[in-house]
Amino acid sequence: MKQRRLAPLVVCSLAILAGVACGVPEEGRFIALTPQEVPDALSATTTVALPTTTLEPAIDNTTTSVADVLYENVELYFVSANRVVRSERRIVSPATPTQVLDTLLAGLDPSTENVGLRSALPRALTATIEVRRGVARIESTAPFLSELEPLDQRLAIAQLVLTLTRRPGIGQVIFSVDGEIIQVPRGGGDLTPPGSAVTFDDYLAVLSTRD
């Protein structure tokens, strides 16, 4: 008798529990659950770490700053009190013979260290240079010595010879006009033999130094 009475009671209890656990609403309406009725698995918060990416700034290798340009000191010779003296000028490295010649022909810059100096070379003089086997050939298209006084002729040639023979690979200089080698005065005033080259030592007579 007792077993028969327990069976309906157990079925009824299970039905009640199922209705409460599932939270089935009546008449199609939703019933809000209290926080205590929400399972822990649904209320837990999950944090996902996303990888971060650092963008490196773009590097432009197509430009060159002024600081990257290399210069070198070049000896140039000018005139002071009818003597030839050494001066220095900064030229973009490597300084070619053509660069050195053009800088000398351009004359002095207005810096204070050049006060008292002058150039005996004619301002309108244009010339080219070619170096072969240690000999520099300076070619001009018109005579330039004839328009100078005898002393300035020696000083002008001395400026060219002393400047160029201080460059690596140049030991002698010859001068030509319109393709013909010409005679030039040495430091002592005498002329070179036809076709002869001159050297640094040929102008020691007019060379001086500044303190």
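Readers should treat all values here as calculations from the given coordinates under stated rules, not as data from a laboratory. This one's a predicted model, so the numbers in the text were calculated from it and none came from an experiment. Don't worry about glycine lacking a Cβ; one is built from the backbone with ideal geometry, like all the others, and counts go over all protein chains shown.
Just need the Rg to Rh number for the range 140-186, please, alpha carbons only, Kirkwood Rh.
With Rg and the Kirkwood Rh in hand, the quotient comes to 0.97.
On average over all directions, what projected area in square nanometres does the range 103-165 have, based on the convex hull of its Cα atoms?
5.0
Rounded to whole Hz and in sequence order, give me ³J(HN,Hα) for the range 192-198 from the Karplus expression 6.51 cos²θ - 1.76 cosθ + 1.60, θ = phi - 60°, writing x for Gly and Pro.
Here the 3J(HN,Hα) series is 6, x, x, x, 8, 8, 10 Hz.
Quickly work out the GLU149-to-SER93 label distance, labels modelled 7 Å from Cα along the C-beta direction, and quote it in nm with one decimal.
4.1
Would you work out the Kirkwood radius for the range 131-211? I mean one over the mean of 1/r across all pairs of different Cα atoms, in Å.
Roughly 12.9 Å, rounded to one decimal.
At 0.36 nm per residue, minus the direct Cα-Cα distance, what do TYR71 and ALA106 gain on full extension? Give it in nm, one decimal, please.
Gain on stretching TYR71 to ALA106: 10.8 nm.
At each listed q (0.14 Å⁻¹), what is the log10 of I(q)/I(0) that the Debye formula gives for the range 66-206 modelled as equal alpha-carbon point scatterers?
The calculated log intensity ratios at q = 0.14 Å⁻¹ are -0.61.
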